[in-house]
Amino acid sequence: MRAIIYTRVSADQAGNQRSVTEQEKECRAVCERNGWKVAQVLTDNDIGASRHSRKDRPAYNTLDAVLNPGDVLVTWEASRAQRDLRAYVDLRDLCAKRGVLWSYSGRTYDLTEGGDRFGTGLDALLAEREAEQIRERVLRAMKANKEAGRPHGRTPYGYKAERNDAGDLQSWVIRQDQADVIRGVVDRVLSGESMRSVCRDLDSRGVPTPGGRQEKPGGEEDRRGLWNSSTLRRLILNPTLAGKRVHAGKVVGDGTWAPIISEGTHYRLVALLTDESRLTHRGTRPASLLSGIALCGVCGARLASKRSRRESYYSCPVRHCVARTVRLVDPYVESVLIQWLEGVDVLTFAVEDDPDAQNAVQELAELRARLDEFADAAADGQMSPDALGKVEAKLNKKIAAVEERLSKRPVAAAVTDVAGPDAEKHWAGLEIERKRQVVHELMDVRIDPATSGPGVKPEAIRIVWRFAAKR
Ligand SMILES: [Zn+2]
């Protein structure tokens, strides 16, 4: 018999999803057990098949053309084929008319037969209900996120408030004139112009300040309407401009309003302006992140950081192959590092080189699996809640002990204080020496000579991680 395999993975997370590769493997195993010859494998990936999905399923739509009398259609489970009763009925009728069998979840159905029509119909109903539940869950989560990211407080410079008839704040909309001022200022500050010079220019062009230029009754200008460095600094450092929601002085997530500058630009500003403020207040220059750590991409020498009249740059002390501006290189390397740290699980970090740690990870997985089994047994009524509580306490103690053992490994300790979802926040709180240590421990950085033109040129900064991190 000729078998057509259909696999599908949807974008919505259904909990026990299998990848298309796994689905295909299992379907092929079914075919082999039954002695069916796999004629074709059709795959729709990352596409929701519920009736709310607006996308087509190209592979699914070709089934009509592909299925021949005497074939068997193999799917991993009923919901892999369709999550819509109408689609089920179409498929059922097609299979029945063509004389095609349908196999899923280890059973094969003949759709001309009453009992099989009932059984598959019931599965289709259940699949549709599951799709509805997933959809509701996703909508609820989206709504909650949206609530959390809604604008609040004073309307920032660059935006205007949009309110409904009742006067409630609905959203912040970009004010084009002010957004242009911001982008212009940011460009000039990032290219090295001083805040004072930018302020003078804004005033000379008569650009109103956030407070607005007020005119006295006599038509005379109010001096309070002039720009000054600290207002401007505060203004362009506001994460709100990058579309970030700030709570109690900290970025807590994405806002629902459109950003005026990119997130990357925001962090470049933070790096540049906080660096500058240290310079003026302390008089001592903090060491650069990568001096003595990054290597020359041409000759392999360790780069030194030097200072010209205007700014610091990394330079190859041996043959002068490379000279790259610190304020462009550092924020880039930091952003790559932070992104990496955000994805690292401290407990399973770099266990590859450490057999003890590998055992501990294995042990941890087993303990957690046992805990799940007991919880399942209790849920099925095979165990009293009381007994579960005792077992749980015992297992949790063991789990905590293994977790502690894993987190105490020197290699994990290197990242314990920075890794995880809050990496960005932790990183910002580190002293420069600790930052340098983290970079040194985690990455090899090679810097090539910059090609012409301004900007970061990420392709000329080669980063190799020292550890393979489990994600
Ligand atoms: Zn060199």
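A short reminder: the numbers here are calculations on the coordinates, not readings from a lab. Keep in mind that what you see is a predicted model, and the values were worked out from it rather than measured. Methodologically, a virtual Cβ is constructed for each residue, glycine included, from the backbone with ideal geometry; neighbour enumeration extends over all protein chains shown.
Here are a few things to note about the model shown:
- Low-density loop cleavage sites - GluC sites (Glu not before Pro) in the range 363-440, where at most 15 other Cβ are within 10 Å (DSSP): Glu431
- Environment charge of Asp417, counting only residues whose C-beta is closer than 15 Å and scoring Lys/Arg +1, Asp/Glu -1: -1
- Label-point separation, Glu22 to Phe118 (7 Å along Cα→Cβ), nm: 3.3
- Note on the range 351-408: Cα-Cα pairs beyond 16 Å make up 46% of the total pair count.
- Average 1/r across all pairs of distinct alpha carbons in the range 367-444, invert it, and you get the Kirkwood radius: 15.4 Å.
- A cut-off of 5 Å between modelled amide H atoms, ignoring neighbours fewer than 5 places along the same chain, links Gln170 with Glu162, Arg163, Asn164.
- Using θ = phi - 60° in the Karplus curve 6.51 cos²θ - 1.76 cosθ + 1.60, the 3J(HN,Hα) couplings for the range 169-185 round to 5, 9, 7, 9, 10, 5, 9, 4, 4, 6, 4, 4, 4, 4, 4, x, 4 Hz; x is entered for Gly and Pro.
- In a reduced charge model with +1 at each Lys and Arg Cβ and -1 at each Asp and Glu Cβ, the range 287-431 shows a dipole moment near 1300 debye about its Cα centre.
- Sorting the segments 2-9, 325-332 by their residues' average number of neighbouring beta-carbon atoms within 10 angstrom, most packed first, yields 2-9, 325-332.
- Take the Cα of Ser105, step 7 Å toward its Cβ, do the same at Arg129, and the gap between the two points is 1.2 nm.
- Sorted peptide list for 23-35, 100-112, criterion being average Cβ within 10 angstrom, highest first: 100-112, 23-35
- With Cα atoms as the point set, the radius of gyration and Dmax of the range 159-274 evaluate to 15.6, 47 Å.
- Karplus-derived HN-Hα couplings along the range 197-202 (A = 6.51, B = -1.76, C = 1.60, θ = phi - 60°), whole Hz, x at Gly and Pro: 5, 5, 4, 4, 5, 4
- Restraint check, Lys306/Lys457; Lys397/Lys435; Lys250/Lys435, Cα-Cα greater than 22 Å: Lys397/Lys435
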